[in-house]
Amino acid sequence: MEKTFLMVKPDGVQRGLIGEIVSRFEKKGFQLVGAKLMMVSQELAEKHYAEHKEKPFFGELVDFITSGPVFAMVWQGPNVIATARQMMGKTNPVDALPGTIRGDFGVSVGMNIIHGSDSPESAERELALWFNDKGTVDYEKTINQWI
Ligand code: IDP
C-alpha cells in the first residue's frame, strides 16, 4: 500500500492545527501508521531540503523548520501521495484554493503549515530519512473495505 511522509511545520504546531490536519486525512479515509512530535536537527533539516540547497531561501527554510517542534507523520492509502498534495494546496497560500489546508489556514509561502512528499521517489527518500523503518505500525482497519 502506498505511503507518504507528511509533516505539520512549526507554524502549524504553534497555531494548534495538528488535530485539524490529522482529522482531515482521517476523514478522507487514509490511515495513520506513524507519528511523532519532535525537534528537527540542523543536519536533518539540511538533508530534508537538500534539493533547495542552491536557492536563496535555503537558510530561511532550515532556520524555520528547526525553530520549534514539528509533527512528523506517515500516512497510507491508495494514491495517498498525490491526494495529500491536493489536500495541502499549492505551495504559496495565495494560490492555494479554499478547502485546501494551505488555502484555509496559510498566508505566507515561508510559513505554509504543512509539508508532504511530492512523488513516490521523494516519499521513499523522506520516509527513510524521517522514520528509518522505525516508529510505524502495520495494522488492519476493518473500515478499509468500505473506502
Ligand atoms: P512544497 O512544500 O509545496 O513541496 P517546495 O517547492 O518543495 O514546495 O518548497 C519547499 C518549501 O520551501 C515550501 O513549502 C515553502 O515553505 C518554501 N518556499 C518555497 N518557495 C519559497 C520562496 O520563494 N521563499 C521562501 N520560501 C519558499
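The values are calculated or read from the model by the stated rules, or taken from the named source; none is laboratory data. Just so it is clear, the structure is predicted and the values come from calculations on it, not from any experiment. As a convention, Cβ positions derive from the backbone with ideal geometry for all residues, glycine included, and neighbour counts pool all protein chains shown. With ligands, DNA and RNA removed, areas are computed over all heavy atoms of the protein, side chains included. Shrake-Rupley method; radii C 1.70, N 1.55, O 1.52, S 1.80 Å.
Observations
- Top of Lys90, Lys36, Lys55 by mean-square fluctuation, Gaussian network on the chain, Cα under 10 Å: Lys55
- Spacing of the two label points (7 Å from each Cα toward its C-beta) at Leu129 and His52, in nm: 1.1
- The magnitude of the dipole of the chain, with charges of +1 and -1 set on the Cβ of Lys/Arg and Asp/Glu and taken from the Cα centre, is near 340 debye.
- For the chain, the share of alpha carbon pairs falling in successive 5 Å distance bins from zero is 2, 10, 19, 23, 23, 15, 6, 2, 1, 0 percent.
- Counting 0.36 nm for each residue step from Glu20 to Asp104 and taking away their Cα separation leaves a gain of 29.1 nm.
- Heavy-atom accessible area ranking, 1.4 Å probe, most first, across Thr4, Thr91, Thr83: Thr91, Thr83, Thr4
- Derived scalar couplings ³J(HN,Hα) [region 50-59; Karplus, 6.51 cos²θ - 1.76 cosθ + 1.60; whole Hz; x for Gly, Pro]: 3, 5, 9, 3, 8, 6, x, 9, 4, x
- Separation in nanometres of the label points that stand 7 Å from Cα toward Cβ, at Glu2 and Ile143: 2.0
- Length-normalised contact order for region 3-134 - Cα pairs under 8 Å, 6+ apart - percent: 35
- Listed by chain and number, the lysines placed with their C-alpha closer than 30 angstrom to that of Lys55 are Lys3, Lys9, Lys36, Lys47, Lys90; residues fewer than eight positions away on the same chain are left out.
- Calculated accessible area for region 3-134 comes out at 50 Å² per residue, all protein chains present (probe 1.4 Å; ligands, DNA, RNA ignored).
- Accessible-area composition of the chain, carbon plus sulfur, in percent [1.4 Å probe]: 54
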